[in-house]
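Asks: Below you will find the structure I want to go over with you.
The values are calculated or read from the model by the stated rules, or taken from the named source; none is laboratory data. Only a predicted model underlies this, so the values are computations on that prediction, with no experimental measurement involved. Methodologically, a virtual Cβ is constructed for each residue, glycine included, from the backbone with ideal geometry; neighbour enumeration extends over all protein chains shown. Protein only, heavy atoms only, side chains kept; ligands, DNA and RNA dropped before computing areas. Shrake-Rupley method; radii C 1.70, N 1.55, O 1.52, S 1.80 Å.
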Amino acid sequence: MSEPLVMLVRQQKNVATYLYIIGHPTLALNPDQSLTPTSEQGSYGKVTQITLNTTNQHYCLHFASGRELQLNQKNVLLVAKNPDDLPLPELLKNYGYRLLPPTVTTAFQANFDQIFPSLTQLDTIPSHYIVVDCEFGPFFKRQFRSGSYHWAPTTINGADQTIYQLAALSYQAGQQTKIYFDHLIDFPAFLPEKKLTALATSQQTLAEFERTANPVQVLKTFIDQVLASQLPLAFWDQAQDLKALHWLLAQYFPKLSANQQAIVRRPLQVFDGEQYTNVVINRSNQKSLSTTHSLPLNGVAGLLNIFNPQQHNALWDAQTTHYVIDQLAQIQAATPTVLTQPQSVQPTVQKTDLSPQQLKYQLVHQLRATGKTYREIAHSAGISVSGVNYILKKSDPITD
């Protein structure tokens with residue numbers, strides 16, 4: 001099977017040059033070879049697939065919104081694959097392109113720099129910790145185009161999504177302790193459908209939901225109930241969850257109390273379950289941690305015979321994370337089976353105590369049992385036909 005297409009560059013006369021790349025919304029290619037998001041096709045969403053119709057030689061762009069865009073080959077400047085699985089910046093650099101970072105305000109960056117200024121990455125599971133897990137929602141903005149309003153993907157201070165559900169559970173010596181936190185977040189840049197789904201999930205009135213799911217209120221409660229304990233935070237994949245939490249705290253930092261601001265400025269200890277899985281998997285490798293495995297939480301849980309009936313729910317995934325890393329710790333602590341050089345196994349030949357005469361008698365009976373005639377038996381056993389007759393009439397079959 002050939003490598004899939006991951007990038008396409010389109011140009012038409014008197015129209016801007018667009019670049020489409022899997023996992024990103026439409027990008028505009030500027031004269032200086034830089035790339036910026038464009039609002040022209042913002043409502044299409046991210047590119048999910050690029051295919052070539054070999055019948056009519058047209059390329060087809062597939063988008064997350066369900067939209068499709070057909071392009072004649074003469075309007076396509078470049079198509080590319082990524083067989084070496086290069087990171088996006090490196091892949092773009094190979095073609096002379098560079099993706100400009102989304103705009104981040106000076107005030108946001110100043111807030112961001114104050115939060116979690118010192119992170120300590122723990123290599124062993126803490127004795128008492130809090131598992132944190134997040135679910136996410138993408139950002140949209142309302143635009144007026146072609147005589148009607150549309151919702152288009154957007155970014156806010158460098159992010160295109162934030163936390164939709166935030167959950168935390170504390171554990172010590174394998175047992176759950178007092179911290180239990182589970183809140184939905186009503187972020188204003190979510191689609192209205194996202195809010196309706198959250199409202200239905202909460203089973204609250206609209207007024208109650210808007211009060212309890214207000215981002216500032218959720219963050220304040222999280223700081224008071226979770227971060228104030230100063231226990232290490234455990235994530236399955238901190239690269240995404242911790243980054244999102246950091247961003248959300250920076251977004252609302254000015255609205256926190258002085259004490260809450262002081263708490264998020266403290267050093268933070270972090271344990272990453274996915275990284276720990278790599279330690280356990282690679283412990284027998286000759287080169288320690290020579291391979292990085294980006295494994296899904298519930299996939300690893302399945303391997304360990306742990307079943308999560310509510311996958312992609314932050315509270316249930318937080319609980320699953322605890323059970324997975326607890327089980328992995330037991331595996332790592334157990335004495336491993338150290339293999340030795342495989343040996344050739346010779347087939348066992350069963351020895352017989354029968355005399356030559358008994359063996360001949362046995363052969364005659366066996367041949368007769370397969371339907372052989374007296375003459376055929378005599379020829380195979382090397383005896384006369386009368387000898388065969390004598391053996392069959394005067395002796396019983398010999399069994400092992």
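Asks: Distance cut-off 30 Å, Cα to Cα: go down the list Lys194/Lys255; Lys93/Lys255; Lys93/Lys194; Lys93/Lys195 and report the pairs above it. Walk me through the intermediate numbers first.
Replies: Values: Lys194/Lys255 24 Å; Lys93/Lys255 40 Å; Lys93/Lys194 36 Å; Lys93/Lys195 39 Å.
Cα-Cα > 30 Å for Lys93/Lys255; Lys93/Lys194; Lys93/Lys195; rest within.
Asks: Here's a follow-up. Just subtract the alpha-carbon distance of Asn30 and Lys360 from 0.36 nm times their residue separation and send over the number in nm, one decimal.
Replies: 109.3 nm
Asks: While we're on this one: Straight-line reach only, C-alpha to C-alpha below 20 angstrom: list the aspartates and glutamates that Lys393 could link to, leaving out same-chain residues fewer than 8 apart.
Replies: Hits, sequence-local ones excluded: Glu376.
Asks: Scan the chain and note any complete DSSP helix (H) whose C-alpha atoms cover at least 24 Å along its axis and whose Kyte-Doolittle average is -1.0 or more. Write out the running numbers ahead of the final one.
Replies: On the way: long enough: 314-333 (28 Å, 0.01).
Answer set is 314-333.
Asks: Can you send over the carbon and sulfur percentage of the accessible area for the range 121-250, probe radius 1.4 Å, protein chains only?
Replies: Working: 3070 of 6160 Å².
With neighbouring chains kept in place, the figure for the range 121-250 is 50 percent.
Asks: Which label belongs to the value computed from this structure, given these candidates for Kirkwood radius over Cα pairs in Å: (1) 21.2; (2) 30.8; (3) 27.2?
Replies: The listed entry that was calculated here is (3).
Asks: On to the next question. Using a probe radius of 1.4 Å on heavy atoms only, what accessible surface per residue do you get for the range 183-307? Whole Å² is fine.
Replies: Numbers: 6400 Å² over 125 residues.
Per residue, the range 183-307 has 51 Å² of solvent-accessible surface.
Asks: Beta carbons within 10 angstrom, averaged per residue: use that to sort the peptides 164-170, 374-380, highest first. Provide the component values of the computation, followed by the final result.
Replies: Values: 164-170: 23.7, 374-380: 15.7.
In descending order of packing, they fall as 164-170, 374-380.
Asks: Where does each of Asp317, Asp160, Asp353 land when they are ordered by accessible area, with a 1.4 Å probe and the largest first? Let's see the in-between values first.
Replies: On the way: Asp317 10, Asp160 65, Asp353 155 Å².
The residues order as Asp353, Asp160, Asp317, largest area first.
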